[in-house]
Amino acid sequence: MAPTIAALAPLYEQHPDDPRVVYELAGAYDTAGDEAAACALYERALDAGLSGDIRRRCLLQYGSTLRNLGRLDESLAVFADGRREFPESVSLGAFEALTLHAAGRVDRALAGLLDLLADAVDSDELERYKPALRGNAAYLRSLETTDGEPAA
């Protein structure tokens with residue numbers, strides 16, 4: 001990623017408040033493994049007014065990077081905000097499930113994935129089982145208390 005970062009650095013210096021430039025540089029640092037630098041840049045890109053599908057992608061990458069850094073509560077907050085803003089996003093839901101799993105909330109993670117299957121996968125074979133998938137998702141969610149811990 002060093003050549004990409006080197007190519008983006010002058011653009012960033014010229015346009016430090018352009019949300020798209022900041023986002024692209026964040027992604028390059030993220031891919032290069034400098035997740036701390038990426039996080040700061042993702043935050044700047046979001047604060048600078050990133051919008052539309054690029055904003056959705058930034059939220060996903062930022063939340064995922066926070067998870068990789070072990071900042072699970074922050075990651076979950078980013079995914080929750082992203083899911084409110086982009087409720088139809090399957091990718092945000094899938095990566096949110098990864099953070100839920102990393103946080104030890106496996107029932108909630110699996111419930112989210114079952115809902116994604118029922119809501120987003122178009123398959124004749126799966127169609128008849130969608131109510132069962134949704135019911136199992138609801139059951140799994142019921143196993144978790146409001147503080148995120150398993151029910152006793």
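Kindly check whether there is at least one residue in region 89-106 that is surrounded by 18 or more Cβ atoms within 10 Å (Cβ to Cβ), closer than 25 Å to Asp119 by Cα and touching a strand residue (DSSP E or B) at 6+ places or on another chain (Cβ under 8 Å).
Checking region 89-106: at least one residue is surrounded by 18 or more Cβ atoms within 10 Å (Cβ to Cβ), closer than 25 Å to Asp119 by Cα and touching a strand residue (DSSP E or B) at 6+ places or on another chain (Cβ under 8 Å).
Just checking, which of Arg128, Arg83 is within 21 Å of Asp30 (Cβ to Cβ) and open to solvent by 60 Å² or more (accessible area, probe 1.4 Å)? It would help to see each step written out before you state the result.
Details: Arg128 fails: within 21 Å of Asp30 (Cβ to Cβ).
Checking each option against the conditions leaves just Arg83.
Pairs under 9 Å by beta carbon, first residue assigned to a helix (DSSP H, G or I) in region 135-147, partner at pLDDT below 95, six or more apart or different chains?
These pairs meet every condition: Ser142/Ala151.
Consider only pairs whose beta carbons are under 7 Å apart and that are at least six residues apart or on different chains; among these, list those whose first residue lies in region 1-27 and is surrounded by fewer than 16 Cβ atoms within 10 Å (Cβ to Cβ) and whose second residue is of a type in the set (S, T, N, Q).
If the second residue must be of a type in the set (S, T, N, Q), the pairs left are Met1/Thr31.
The values are calculated or read from the model by the stated rules, or taken from the named source; none is laboratory data. Note that this is a predicted model, so its numbers are computed, not measured. Positions of Cβ are backbone-derived with ideal geometry, glycine not excepted, and every protein chain shown enters the neighbour counts. These area figures cover heavy atoms from the full protein model, side chains too; ligands, DNA and RNA do not enter into them. Shrake-Rupley method; radii C 1.70, N 1.55, O 1.52, S 1.80 Å.
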